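The values are calculated or read from the model by the stated rules, or taken from the named source; none is laboratory data. Note that the coordinates shown come from a computational prediction; the quantities given were computed from them, not determined experimentally. With ideal geometry, Cβ positions are generated from the backbone for all residues, glycine too; neighbour counts draw on all protein chains shown. For accessibility, only protein heavy atoms count, side chains too; no ligands or nucleic acids. Shrake-Rupley method; radii C 1.70, N 1.55, O 1.52, S 1.80 Å.
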Amino acid sequence: MKAGWTAGVTRARLLLSRVIGAEHARAVAGSRSLGDALGVLATSAYGERLHAGDDLAAAERGVADTLLWHLRILAGWLPGAGAGLVRALAGWFELANVDARIAALVSDGREPAPFVLGGLATAWPAIEQGRSVEDVADTVAGSAWGDPGGRSAAELTLGLRVAWARRVHQAAPVAANWVAGAGALLVARELLLDGSRARAAQLRRLPGITEEALAAGSLNDLQAALPAQAAWALAGVSDPSELWRAELSWWLAVEREAPVLLRTPGDEAVVLAAVALLAVDAQRTARALRAAAQGGSPALVELVDGTV
């Protein structure tokens with residue numbers, strides 16, 4: 001174990017005691033109402049940020065806030081390099097803040113409270129001052145995120161996701177398969193589900209994405225054009241309308257592989273694995289809440305497990 005990492009790696013392992021796990025999530029999903037589901041979660045780590053009477057959006061936000069708080073705790077126990085790794089992995093929360101800001105700027109100005117990033121912020125304090133999409137794009141381009149590859153709302157939204165993939169790929173090389181698989185799913189959604197090739201140049205910057213892949217006209221063609229490191233994420237899906245199944249399988253693969261990293265001697269790998277498992281648990285808990293909000297049917301409970 002590297003000097004300075006001992007406390008952080010220990011904390012990473014301890015934080016995993018706060019996940020609810022698959023069995024508890026099934027109980028949440030099987031609840032007959034969202035209110036019942038919130039009661040099932042009341043004594044869990046998520047219960048600290050959930051409240052009786054929450055609607056689904058508020059409950060999902062509470063789950064996300066819990067994950068973010070855990071990551072902030074973890075980063076605080078790590079040396080600079082470790083905190084930088086967690087900051088890169090936590091980029092989704094800054095993306096969510098930027099998405100909300102852009103949506104507000106191009107619509108009625110209403111915006112949810114941003115996620116409180118603390119030391120996990122990359123550029124949000126500066127981005128938050130933007131009063132137009134162009135302001136936001138300029139600030140992003142001048143930050144560690146880099147040039148998003150466009151200045152429109154759609155280009156900025158996609159460009160940030162590409163940049164996040166590149167940041168994680170650089171900060172956590174051991175996650176290369178996960179990053180490449182997620183990139184394949186992003187390309188499939190952009191090209192084959194949304195049907196737009198206007199932003200192919202941005203997608204080309206994703207790790208493992210080739211010109212041949214960007215020319216694919218079907219999921220089968222795309223999978224054949226991708227390297228194995230990325231193609232695995234599209235296995236078993238042939239219709240773009242079924243990409244949600246591939247995305248669910250991506251999460252299941254992360255959950256299956258992360259425990260192996262926990263047993264490795266590398267400090268970075270252990271931190272990555274802990275963050276991944278915390279995220280898996282939060283994502284599954286959010287799915288369980290959505291299932292409960294729809295009455296907790298058996299099919300929806302199975303979906304929480306990823307078995308349909």
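Tally up the residues in the range 283-297 that are open to solvent by 10 Å² or more (accessible area, probe 1.4 Å) and touching a residue at least 24 places away in the same chain (Cβ under 8 Å), please.
The number of residues fulfilling the criteria is 8.
From (1) among the aliphatic types (A, V, I, L, M); (2) open to solvent by less than 30 Å² (accessible area, probe 1.4 Å); (3) assigned to a helix (DSSP H, G or I), pick out the condition that doesn't hold for residue 174.
(2)
Can you spot a residue in the range 18-34 that is crowded, with 20+ Cβ neighbours inside 10 Å and free of Cβ contacts under 8 Å to residues at least 60 places away in the same chain?
No, the conditions are met nowhere in the range 18-34.
With part of a helix (DSSP H, G or I) and either touching a Gly at 6+ places or on another chain (Cβ under 7 Å) or among the small types (Gly, Ala, Ser) (or both) as the only criterion, which of 261, 272, 252, 278 stands out?
252
Just give me the residues in the range 147-156 being open to solvent by less than 40 Å² (accessible area, probe 1.4 Å) and either closer than 20 Å to residue 83 by Cα or part of a helix (DSSP H, G or I) (or both), in sequence order.
The initial filter retains those residues of the range 147-156 that are open to solvent by less than 40 Å² (accessible area, probe 1.4 Å), namely 148, 150, 153, 156.
Hits for the range 147-156 are 153, 156.
Filter the range 216-256 down to the residues that are free of Cβ contacts under 8 Å to residues at least 12 places away in the same chain and within 20 Å of residue 20 (Cα to Cα) and list them by number.
Hit for the range 216-256 is 256, nothing else.
Go through (1) crowded, with 17+ Cβ neighbours inside 10 Å; (2) without any contact (Cβ under 8 Å) to a residue 24 or more places away in the chain for residue 197 and report which single condition fails.
So residue 197 meets the others, but not (1).
Would you confirm whether any residue within the range 64-79 is farther than 20 Å from residue 284 by Cβ, surrounded by fewer than 19 Cβ atoms within 10 Å (Cβ to Cβ) and either more than 22 Å from the chain's Cα centre (by Cα) or acidic (Asp, Glu) (or both)?
So far as the range 64-79 goes, yes, one or more of its residues are farther than 20 Å from residue 284 by Cβ, surrounded by fewer than 19 Cβ atoms within 10 Å (Cβ to Cβ) and either more than 22 Å from the chain's Cα centre (by Cα) or acidic (Asp, Glu) (or both).
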